[in-house]
1. With springs only between Cα atoms under 10 Å, which of Val91, Val75, Val130 fluctuates most in a Gaussian network model of the chain?
2. Taking the 0 to 90 degree range and rounding to the nearest ten, how far is the long axis of helix 86-100 tilted relative to the main principal axis of the chain, both from C-alpha atoms?
3. With θ set to phi - 60° and the Karplus curve 6.51 cos²θ - 1.76 cosθ + 1.60, what are the ³J(HN,Hα) couplings of segment 13-29 in order, to the nearest whole Hz, using x for Gly and Pro?
4. As an exercise, take the mean of 1/r over every pair of distinct alpha carbons in segment 56-157, invert it, and state the Kirkwood radius in angstroms.
5. Considering the dipole of segment 31-157 built from charges on the beta carbon (Lys and Arg +1, Asp and Glu -1) around the Cα centre, which of Ala96, Gln82, Trp42 is farthest to its positive end?
6. Among Arg22, Arg52, Arg118, which one moves the most in a GNM of the chain with springs linking Cα atoms closer than 10 Å?
7. If you split all Cα-Cα distances of segment 91-133 into 10 Å bins from zero, what percentages do you get per bin, shortest first?
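What follows draws every value from the coordinates through simple rules; no lab data is involved. Nothing here was measured: the structure is a model prediction, and the numbers come from that model. With ideal geometry, Cβ positions are generated from the backbone for all residues, glycine too; neighbour counts draw on all protein chains shown.
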Amino acid sequence: MQDLGAGTVCRALDTETPEARRFMAREWPLADRRLFGEDLDWTSRPVVVEARAGRELVGVAVGEAVAGMARLHDVLVAEPRQGHGLGSRLVELFCARAAELGAGRCFLRCPDTARHRRFYERLGFVQLAVLPRYYHGRDFVEYLREPLPAQRASGAR
Ligand SMILES: CC(C)(COP(=O)(O)OP(=O)(O)OC[C@H]1O[C@@H](n2cnc3c(N)ncnc32)[C@H](O)[C@@H]1OP(=O)(O)O)[C@@H](O)C(=O)NCCC(=O)NCCS
């Protein structure tokens with residue numbers, strides 16, 4: 001524990017508390033006004049796309065749309081179904097759904113492998129940076145796609 005004087009103490013907690021959330025809800029609008037000169041909407045909307053073969057879930061693309069951008073957190077296709085276009089379809093639908101929710105661009109991070117690079121660059125993503133030793137000491141790549149396609153995502157096949 002650290003004592004900063006006048007009875008102020010900093011310490012680490014195991015979870016984000018309701019009090020911390022209330023504190024941020026109160027203080028962020030003030031900070032936004034100072035930083036950006038206006039109140040801003042930071043509502044995060046889930047972007048979730050699934051692929052089913054009959055009843056079986058065989059792939060997902062999951063992320064969020066927030067503040068005019070989207071972040072693709074996960075794209076995963078069941079191993080036996082990889083390499084047949086499903087991952088590409090999921091990412092396309094993810095981008096279209098994110099655009100419907102107001103995102104103008106999509107960011108993601110993926111392992112720095114030749115196959116991942118090929119996959120995302122074919123889909124129109126452009127490398128922004130290599131993130132050295134990002135997760136578990138492995139290099140990752142930060143990608144951006146902009147603009148996003150204007151096609152409809154809802155009810156797509
Ligand atoms: C990456 C992944 C989502 C691609 O989905 P997919 O349905 O296999 O992809 P598509 O058939 O649309 O496109 C094929 C391309 O995907 C990439 N790909 C396929 N299998 C892959 C794998 N196991 N790992 C990494 N990339 C792969 C390759 O670039 C491939 O092109 P190539 O045949 O020229 O090598 C899928 O392979 C997967 O779920 N991999 C494991 C999880 C993962 O790495 N997710 C991405 C983390 S950011």
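1. Val130
2. 50
3. Along segment 13-29, the couplings run 10, 8, 9, 7, 8, x, 5, 5, 5, 5, 4, 5, 4, 7, 8, 4, x Hz.
4. It works out to 14.0 Å.
5. Value: Gln82.
6. Arg22
7. Pair shares across the bins are 24, 51, 23, 2.
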